[in-house]
Amino acid sequence: MKAFYIPMGLLLVILGFSLWTGRYVEQHTERWNAMLEEIEDLARNEAWAEAEVRLETAYADWDASQTFFHTIMDHSELDEAENLFAGAFAVCRERDSADFHMLLAQLAGQLRLLSETQCVSIKNIL
């Protein structure tokens, strides 16, 4: 009977960690997407300097999570988000409204994708 408890305990620990990780990523991506919405509103109102400051804040928050994210996620997905952040910075400095909105939308979509890959769902299990 003891042989049953150790594997079952390990499975429960792995399940708990997986659930926690999914929720952790979801909370962070929701916060970043909310920040991106605020940045988009600022750009829409031609407050480019404030939009750039907020984008830097969002990126700093994103960057603070990268060590952990790189241990649990596919690096190519994270690299894509990193590239979109870099593109958003460049376009924000040029004050190109159309491209900026497009890049923010792509970045928000990429962040949602990161969250979806970590959530517990049937498509992720199969």
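Side notes on the structure shown:
- Rounded accessible area per residue of the chain, 1.4 Å, Å²: 61 Å²
- Volume of the Cα convex hull of segment 20-73, divided per residue and given in Å³: 61 Å³
- A quarter of the convex hull surface defined by the alpha-carbon atoms of segment 1-112 gives 7.3 nm² as the mean projection.
- Take every Cα pair under 8 Å whose residues are at least 6 apart in sequence, average their separation, divide by the length of the chain, and the relative contact order is 37 percent.
- The phi torsions of segment 56-61, fed into the Karplus equation with coefficients 6.51, -1.76 and 1.60 and a -60° offset, translate into couplings of 4, 5, 4, 5, 4, 5 Hz, rounded to whole numbers, with Gly and Pro shown as x.
- FRET efficiency, Glu77 to Ala47 (Cβ-Cβ, R0 30 Å, nearest 0.05): 0.45
- Distance between the modelled labels on His101 and Arg31, one decimal in nanometres: 2.9 nm (7 Å Cα→Cβ projection).
- Each principal axis of the Cα atoms in segment 7-49 has its own extent, and those three values, largest first, are 58, 12, 6 angstrom.
- About its Cα centre, segment 48-126 has a charge dipole of approximately 240 debye under the convention of +1 per Lys or Arg Cβ and -1 per Asp or Glu Cβ, with nothing else charged.
- Cα Rg, Dmax (largest Cα-Cα span) when computed across segment 64-117, Å: 12.1, 35
The values are calculated or read from the model by the stated rules, or taken from the named source; none is laboratory data. Here the structure is a predicted model, which is why all the values come from computation and not from measurement. A quick note on method: Cβ atoms are made from the backbone with ideal geometry, for glycine too, and the neighbour counts reach across all protein chains shown. Note: areas computed on protein heavy atoms with side chains; ligands, DNA, RNA excluded. Shrake-Rupley method; radii C 1.70, N 1.55, O 1.52, S 1.80 Å.
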